[in-house]
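Peer 1: Quick one: this structure, given as structure tokens, is what I'll be asking you about.
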Amino acid sequence: MAIAETRVYMPQAPRPRLRLLEDERWLALVLLVPTLVLLGMFIAYPFVRGILLSVTNTRVGVPGEFVGFANFYKISTTGSFAPPSTTRSSIPA
């Protein structure tokens, strides 16, 4: 008589599912990405665009070329942008 081995089927315990939003690192990333995108769209892009426009001679509908600080020199030497001391002296008392 042969001895037969009987194996009892024991199902493996289910692996715990990884819930990404329960991990604080992933949750922080998910919450920060939209914030950074909105900040980039409404703050960083206009700021950088304004700096680029200030150092070019761009007009509406005409592509500009780089002029550096010539725009700043121009407004500081013309009468359209005068220091406060000269504007006060030109006001009649």
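The values are calculated or read from the model by the stated rules, or taken from the named source; none is laboratory data. The structure displayed is predicted, hence computed values, not measured ones. As a convention, Cβ positions derive from the backbone with ideal geometry for all residues, glycine included, and neighbour counts pool all protein chains shown.
Peer 1: Would you kindly identify the helices (runs of 4 or more DSSP H) lying entirely within the chain that contain at least 2 residues that are modelled with pLDDT of 80 or more?
Peer 2: 24-39, 45-54, 70-77
Peer 1: Next question. May I ask you to list the residues in the range 11-58 that are under 30 Å from Phe69 (Cβ atoms) and of a type in the set (A, V, I, L, M)?
Peer 2: Result: Leu39, Met41, Ile43, Ala44, Val48, Ile51, Leu52, Leu53, Val55.
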